[in-house]
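S.K.: Can you read through this structure? Questions will come right after.
The values are calculated or read from the model by the stated rules, or taken from the named source; none is laboratory data. All figures in this text were calculated on a predicted structure; none of them were measured in a lab. With ideal geometry, Cβ positions are generated from the backbone for all residues, glycine too; neighbour counts draw on all protein chains shown.
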Amino acid sequence: MSQISIKDVTDAREKISRAVVKTPLFRSSTFSEWSGFEVFLKAENLQKTGSFKMRGASNKIMSLSPEEGRQGIITGSSGNHGQAVACIAARCGYGATVVIPEGCSPAKEASIKAYGADLIYCGTTSSERLACADKFRREHGGIFVHPYDDPMVIAGQGTAGLEIIEDLEDVGAILVPTGGCGLISGIAIAVKEKNPGVKIFGVEPEGSNSTGLSFRNGKRTALDKINSVADGVRTAIPGELTFPLVQKYVDGMIEVTDDEILYAQRMLLERCKLLAEPTGAVALAAILSGALSGLRKGGKAVAILSGGNVAMPQLSEYLLRSGVER
Ligand SMILES: *Cc1c(COP(=O)(O)O)cnc(C)c1O
């Protein structure tokens, strides 16, 4: 297993401190009352570029030598990772190429372009995209930045965990949405090595439960179909590097339904005035649906609001869908 330690996370924090925001940790009295836990929200929706992906991408790209950086940066992601890579590459003065799917939403395309990255259209699935990015790298050179399976990316994501345990005493549990598992691995390393008593739970949509399935099977297991409104965690299989870290550190996996996700997204907006994308509301959905067990009543539960990038026309659709009586 690759050795990533708390030292890598504290080094990452030092390195990226001027490129990322130390995001606020809000206490919600409404969600605390509803759930019986004391609920806190780590607002990565307020991070630069609108998601925590900025942390890992910054740590990776700011660690490159100028010679490496000058070769250009390449990644394959239509979403938050693509935006983060484009943003931090531009800030470092490096060129960036982002492979996005054919038929990518115009809003996502526009935001990656706005950071000055070049776009290549390729395929529809994430494995096709990563294959295109790799082909481009072999033909043109450049440094590939993986969205989760990279030690520098994992350490960067872990800085969110450091901030939580420094801002709040006696944390009982931290709930983290999982896709490729870079975020939860980084947070778990940072938190468990400082305070092994804090429980770490992964949360995923029931229609995209590859991490929970792999966790129960004791080995990486791929899904053959994926169906969820939470587009940031529609990953068919957890990472090669990240999954052993999940096995080592994570206390349990929780599943939520799309209805529960959209309800949590709506309540974040209505009650807390916080805008999350559906994936950003996945961890809170586990608390509000009563799925969190293994924490005493009144204990402190932190939900990671992992991102807030959602196009306004789509937001109104989500709000209408979440309006069903409960
Ligand atoms: C990428 C992403 C995730 C999942 O992160 P992994 O490191 O792939 O597990 C969760 N939420 C949002 C908003 C994301 O963009």
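S.K.: Would the range 87-102 turn up any residue that is assigned to a loop (DSSP other than H, G, I, E, B), under 14 Å from Thr49 (Cβ atoms) and either more than 15 Å from the ligand (Cβ to nearest atom) or touching an Asp or Glu at 6+ places or on another chain (Cβ under 6 Å) (or both)? Walk me through it before giving the result.
M.R.: Pass one, the range 87-102, residues assigned to a loop (DSSP other than H, G, I, E, B): 93-95, 101-102.
With under 14 Å from Thr49 (Cβ atoms) added as a condition, the list becomes none.
Within the range 87-102, not a single residue is assigned to a loop (DSSP other than H, G, I, E, B), under 14 Å from Thr49 (Cβ atoms) and either more than 15 Å from the ligand (Cβ to nearest atom) or touching an Asp or Glu at 6+ places or on another chain (Cβ under 6 Å) (or both).
S.K.: Looking only at the range 51-70, which residues are surrounded by fewer than 24 Cβ atoms within 10 Å (Cβ to Cβ) and in contact with a strand residue (DSSP E or B) (Cβ under 9 Å, 6 or more places away or on another chain)? Reasoning before the result, please.
M.R.: To start, the set of residues in the range 51-70 that are surrounded by fewer than 24 Cβ atoms within 10 Å (Cβ to Cβ) comprises 62-70.
Residues satisfying the conditions are Leu64, Glu68, Gly69.
S.K.: To continue, here is another question. Can you find a residue in the range 28-35 that is assigned to a helix (DSSP H, G or I), within 27 Å of Gln247 (Cα to Cα) and not assigned by TED's automatic domain parsing to the domain that holds Lys60?
M.R.: Within the range 28-35, the subset assigned to a helix (DSSP H, G or I) is 29-35.
Narrowing further to those that are within 27 Å of Gln247 (Cα to Cα): none.
There is no residue in the range 28-35 that is assigned to a helix (DSSP H, G or I), within 27 Å of Gln247 (Cα to Cα) and not assigned by TED's automatic domain parsing to the domain that holds Lys60.
S.K.: Related question: Looking at the structure I just gave you, is Asn45 out of contact with any His (no Cβ under 8 Å at 6 or more places or on another chain) and under 25 Å from Ala131 (Cβ atoms)? I'd like the intermediate steps shown before the answer.
M.R.: Working: out of contact with any His (no Cβ under 8 Å at 6 or more places or on another chain): yes; under 25 Å from Ala131 (Cβ atoms): no.
So Asn45 fails the test.
S.K.: To continue, here is another question. Does Lys300 meet the test of being assigned by TED's automatic domain parsing to the domain that holds Lys194 and surrounded by 19 or more Cβ atoms within 10 Å (Cβ to Cβ)? Break it down stepwise before answering.
M.R.: Details: assigned by TED's automatic domain parsing to the domain that holds Lys194: yes; surrounded by 19 or more Cβ atoms within 10 Å (Cβ to Cβ): yes.
So Lys300 fits the description; yes.
S.K.: I'd like to verify a number: residues in the range 101-116 that are modelled with pLDDT of 90 or more and either polar (S, T, N, Q) or surrounded by 19 or more Cβ atoms within 10 Å (Cβ to Cβ) (or both), how many?
M.R.: Qualifying residue count for the region: 2.
S.K.: Please work out which residue is modelled with the lowest pLDDT, limiting yourself to the range 204-228 and to residues that are among the basic types (Lys, Arg) and surrounded by fewer than 17 Cβ atoms within 10 Å (Cβ to Cβ). Even if it seems obvious, please write down each step before you answer.
M.R.: Step one: list which residues in the range 204-228 are among the basic types (Lys, Arg), which gives 216, 219-220, 225.
Adding the requirement that they be surrounded by fewer than 17 Cβ atoms within 10 Å (Cβ to Cβ) leaves 216, 219, 225.
Numbers: Arg216: 97, Lys219: 97, Lys225: 91.
My answer is Lys225.
S.K.: Counting only residues that are in a helix (DSSP H, G or I) and either aliphatic (A, V, I, L, M) or out of contact with any Ser or Thr (no Cβ under 6 Å at 6 or more places or on another chain) (or both), how many does the range 217-242 have? Spell out how you get there, then give the answer.
M.R.: Going through the range 217-242, the residues in a helix (DSSP H, G or I) turn out to be 217, 231-233, 242.
If we keep only those that are either aliphatic (A, V, I, L, M) or out of contact with any Ser or Thr (no Cβ under 6 Å at 6 or more places or on another chain) (or both) too, we end up with 217, 231, 233.
Here the count works out to 3.
S.K.: Out of all the residues in the range 250-270, which are in a strand (DSSP E or B), in contact with a Pro (Cβ under 8 Å, 6 or more places away or on another chain) and hydrophobic (A, V, I, L, M, F, W, C)? Explain how you work it out, then say what you get.
M.R.: If we filter the range 250-270 for residues that are in a strand (DSSP E or B), which is where we start, we get 252-256.
Subset that is in contact with a Pro (Cβ under 8 Å, 6 or more places away or on another chain): 255-256.
The answer is Val256, and nothing else.
S.K.: In addition: Ile143 - would you say it is under 23 Å from Ala222 (Cβ atoms) and touching a residue at least 60 places away in the same chain (Cβ under 8 Å)? Steps first, please.
M.R.: Details: under 23 Å from Ala222 (Cβ atoms): no; touching a residue at least 60 places away in the same chain (Cβ under 8 Å): yes.
Spelling it out, it is not the case that Ile143 is under 23 Å from Ala222 (Cβ atoms) and touching a residue at least 60 places away in the same chain (Cβ under 8 Å).
S.K.: On the basis of being touching a helix residue (DSSP H, G or I) at 6+ places or on another chain (Cβ under 7 Å) and free of Cβ contacts under 8 Å to residues at least 40 places away in the same chain, does Gly116 make the cut? If you could, list the steps in order and put the result at the bottom.
M.R.: Numbers: touching a helix residue (DSSP H, G or I) at 6+ places or on another chain (Cβ under 7 Å): yes; free of Cβ contacts under 8 Å to residues at least 40 places away in the same chain: yes.
Taking the combined requirement at face value, the residue satisfies it.
S.K.: Do we find that Asp231 is of a type outside the set (Ser, Thr, Tyr), in contact with a Pro (Cβ under 9 Å, 6 or more places away or on another chain), surrounded by fewer than 23 Cβ atoms within 10 Å (Cβ to Cβ) and closer than 20 Å to Gly56 by Cβ in this structure? Reasoning before the result, please.
M.R.: Details: of a type outside the set (Ser, Thr, Tyr): yes; in contact with a Pro (Cβ under 9 Å, 6 or more places away or on another chain): yes; surrounded by fewer than 23 Cβ atoms within 10 Å (Cβ to Cβ): yes; closer than 20 Å to Gly56 by Cβ: yes.
Taking the combined requirement at face value, the residue satisfies it.
S.K.: Has the range 200-216 got any residue that is assigned to a helix (DSSP H, G or I), under 27 Å from Val171 (Cβ atoms), in contact (Cβ under 8 Å) with a residue 60 or more places away in the chain and within 16 Å of the chain's Cα centre (by Cα)?
M.R.: No; the residues of the range 200-216 include none that is assigned to a helix (DSSP H, G or I), under 27 Å from Val171 (Cβ atoms), in contact (Cβ under 8 Å) with a residue 60 or more places away in the chain and within 16 Å of the chain's Cα centre (by Cα).
S.K.: Could you please give the count of residues in the range 134-161 that are away from the ligand (no atom under 16 Å from the Cβ) and not hydrophobic (A, V, I, L, M, F, W, C)?
M.R.: The total comes to 8.
S.K.: Check whether at least one residue in the range 52-62 is small (Gly, Ala, Ser) and over 17 Å from the mean Cα position of the chain (by Cα), and report yes or no. So that I can check it myself, show each step before the final result.
M.R.: Pass one, the range 52-62, residues small (Gly, Ala, Ser): 56-58.
Subsequent filtering for residues that are over 17 Å from the mean Cα position of the chain (by Cα) retains none.
Looking for residues that are small (Gly, Ala, Ser) and over 17 Å from the mean Cα position of the chain (by Cα), one finds none in the range 52-62, hence no.
S.K.: Condition (residue is touching a residue at least 40 places away in the same chain (Cβ under 8 Å), of a type in the set (D, E, K, R) and in a loop (DSSP other than H, G, I, E, B)) applied to the range 308-323: is it met by at least one residue?
M.R.: No: zero hits.
S.K.: Report yes if Ile174 is more than 13 Å from the ligand (Cβ to nearest atom), touching a strand residue (DSSP E or B) at 6+ places or on another chain (Cβ under 6 Å) and closer than 17 Å to Gly307 by Cα, otherwise no.
M.R.: Details: more than 13 Å from the ligand (Cβ to nearest atom): yes; touching a strand residue (DSSP E or B) at 6+ places or on another chain (Cβ under 6 Å): yes; closer than 17 Å to Gly307 by Cα: yes.
Yes; evaluated as a whole, the condition is true for this residue.
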